[in-house]
Each structure stands twice: as structure tokens, then as C-alpha cells.
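See below for the structure under consideration.
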Amino acid sequence: MRSPIPGLGRVMVFFAAALASASLAVPEGWGEEGVQYGQVGTDVTLSCASAQAGSPVQWRRAGATVLPEGSAIRQGALVLPHASLATAGTYSCHGEDSGLLHTVCLRLGHLPGVPFVSCRASDYENFSCSWTSSVETFLPTRYITTYRKKSLTGEEKRRNKNRHVGPCLQDPSRPGTCTVHGSEFWSSYRLNITEVNPLGSSFRLLDVTMQAIIKPDPPEGLVVEPIPLAPRRLHVSWKYPSSWPKEPHFQLRFRLQYRPVIHRSWSVVETVNLSEVITDAFAGLEHVVQVSAKDFLDAGNWSEWSAEARATPVRDPATAASEVTTTDASLESLAEEPSQAPNPEPINHSDPLEKTAILVSLGIFAFFVLAAVLVITILIWLRVRKHGKDETKPHSFLVAATHLKALPSKLGCR
């Protein structure tokens, strides 16, 4: 049944989380006896616990001859207005005979801020969340980490009357992280990370889905080997990360990047196999190779790159032999050269490229000149031909007219 008020369910969730955090505002057992905590910027009052009501007392601060500026004694209690971090220290109250009545250690800080939280799943069975404080409080801090599965089936609701709320387990060896075990790929979860210190608490609610936060660990066992008699090839192999579940329906695809050590740009190849042959390596140059992984169905994000592995492709035998021959020939020519005596002939400093450019320019110029002459010649010839045709037209007309005029006289003679 839907709520008649839109968003009421969401409001109730936030309200319940706020109540849970408020109940942890001043937790007991911070492990420091004789310590009083105060908030920076507020008035802090220190009570003299052993003083009798109405009897005058004196307050002193360890390591200082005077009390902080603006402090006042009211009914045996020391009031420190607008306390700052510099106000913190050890204070003691004394009776009229200067006898010690009470000692208190004042520690000042700030209320917790809303923590920054991010989550990641290295496999489909567990996910971890990490957080950092948004405010430096200068006070001891604890974190309460819980989760709730958002979508429950009818059977799950009957089995879990607490709406499947459980702890996100914290690992003392990894402070600032917690892990939810036995998570489900198609489920959504709501994380509650509550930061608590002696002054109060603050929390953040974070909704996560496994598909969005899946990020495998880098592949392991990366090995790169040259291929004999193949100067430009390297064989690369690797293994699935040990944290990935060994199940056939949870596959990974891989991304391979490689480059010569002396170059900066990477070449990238994607594959679904656990090995690949690089076919465009540079013979004789050392190459660095890395590999990363991602869910086969493109869920989540690519893993971090693996540790580097290096190898050098074999050198081409023909190239190596050519280089040796060239080197030997160079050495022989150097041995036959005369001593470096001054040469009386003038040295020609002209550049062969400059000569070539001049010859090409002259050739282009000559081509255009010849083309222009040819075009002009054709135009003149066409004009002369046209003029000749125009002169022959009247002569032919007169001959035809004369012939027609003479024709009737011939008929009359008959």
C-alpha cells in the first residue's frame, strides 16, 4: 500500500537515522578520566567538584601565571568565554588555604562534520566502503557503520523483521573502512556511516548498487617474454585476480597497454583471453607492459593497472648482420683514410638539397613558359584559320550565281 503523502517513506528513514545518531551524541567511555570536552567558540564552564557551596575558591592554569583573558569565577565555577584551541589545558581549583580541591584537563574541538564516503566491490560477493572526515575536530572520534538492504522479497521480510539491517564490519588493521559480506549483485543497499565524538555526531546515508561499484582488483602474475625468431613480437600472459570468484558466469575482460621504455605514448589492446601477442613491438628496444580488468558485461569500472613487467623483443638477424657488416666497412674505411692534413682545395659548403630545390624551381618555370607559348601559338593558328574561311565564302557565292544566270540562255539556243 502506498503512502498518501509523497516522499513520506524517505522522510521517515532520514528521521530514524537522525534519532539513532542523536542517541549517540555523547557516548560513554572515552577512556580518559578527569577530562572535560568543550566546543571551540562557545562558553565553557569548569566546575570545582570538591568545593563546598558558597566557599571561595581559586582557579589556576598549569604552566601559566594568569587565567585566559575574559575568564570569570561564578559560584566556584570557572567560566571561559568564547573558548579557542589555545584555551585548552589543565586547570585546578584551590581552597582558601591554597589546598588542591580538583583538577580537570580541558580539551577543545569541533562537532563532527558529514563524512565523505565511497564504496567499491572487488567481486560479486562483498563490497567495502571507506570514509574520511570532512572536519578536523581535534577530538577522539569513533564511527558506527551499518547497512540495510533496500529491496526485500516477502520471504526476506518475514525472516528479517529488522528490515535486514546489519553491521558493516570494520577492520582494525584498516582504519576508515568497513566491509559488507554476502552481498547480492542485483540488490541495492543503503549505508549509514555515523561519525561520533564527545561533542556530538553526524552521519551520511549512501545508496549503492553492486553493478555500479564493481571494480576488480588488478590482474596478477603478469609475464612478458620475447618470441624467438620474431623480432617485433612479445608474448604476454596473466591471471585472474585472486579476489575474483572462480565461477564461469562471472567473467572478466582485459585491457593491455604497452610502450617502449624510451617512449611516452601507450598502445592499448582489449581482449577476453588470458594471453596476448604484441605484434608491433620495436625490435631490440625494452618494452613496459601493464594490464587491467573489467566485468565482461561492462558493469562498473576498470581496475587499476597491474604492476609493470618488462621485456625486449629479439633483434632481427638480417638487420643485426647488416649492422655488423656496416660497422666493419666503416672501420676499414677509417683505417685506409690518410692523416688529417690540410687540404689545399677549397671546401664546397653548398647544400645538395639547395641545389635540388633550385633545379626543381627552374624546371617548373620552364614548363610554364613552354605552356604559355604553346597556348599563344594555338590561339594565333585558330584566328588565321577562321579568317581564311571568311574570305572563301563570297567567291563561292558569285560562282554559283553566275552559273544560274547562264543556264536560261542555254535553254533558249535550243
- Quick one: Arg174 ticks every box in (1) modelled with pLDDT of 90 or more; (2) surrounded by 14 or more Cβ atoms within 10 Å (Cβ to Cβ); (3) of a type in the set (Lys, Arg) bar one, so which box is it? (2)
- Message: Suppose we keep only residues that are at pLDDT 95 or above and acidic (Asp, Glu) within segment 298-320. Which one would you say is farthest from Glu225 (Cα to Cα)?
- Response: Glu304
- Message: Looking at segment 204-232 only, could you name the residues that are part of a strand (DSSP E or B) and over 21 Å from Lys149 (Cα atoms)?
- Response: Glu220, Gly221, Leu222, Val223, Val224, Glu225, Pro226
- Of the residues that make up segment 32-47, is at least one more than 27 Å from Phe203 (Cβ to Cβ), outside the structural domain of Thr141 (by TED's automatic domain parsing) and not in a loop (DSSP other than H, G, I, E, B)? yes
- Item | Residue in segment 264-292 that is nearest to Ala230 (Cα to Cα), counting only those that are more than 25 Å from the chain's Cα centre (by Cα) and of a type in the set (D, E, K, R) | Asp280
- Task: Tell me, yes or no, whether segment 187-203 has at least one residue that is part of a helix (DSSP H, G or I) and either without any contact (Cβ under 8 Å) to a residue 12 or more places away in the chain or closer than 26 Å to Ala121 by Cα (or both).
- Result: no
- Item | Matching strands (runs of 3 or more DSSP E) fully within segment 242-306 where at least 1 residues are free of Cβ contacts under 8 Å to residues at least 60 places away in the same chain and not assigned by TED's automatic domain parsing to the domain that holds Leu229 | none
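The values are calculated or read from the model by the stated rules, or taken from the named source; none is laboratory data. Note that the structure is a prediction, hence the values are computed from the model and not measured. Cβ atoms come from the backbone with ideal geometry, glycine included; neighbour counts cover every protein chain shown.
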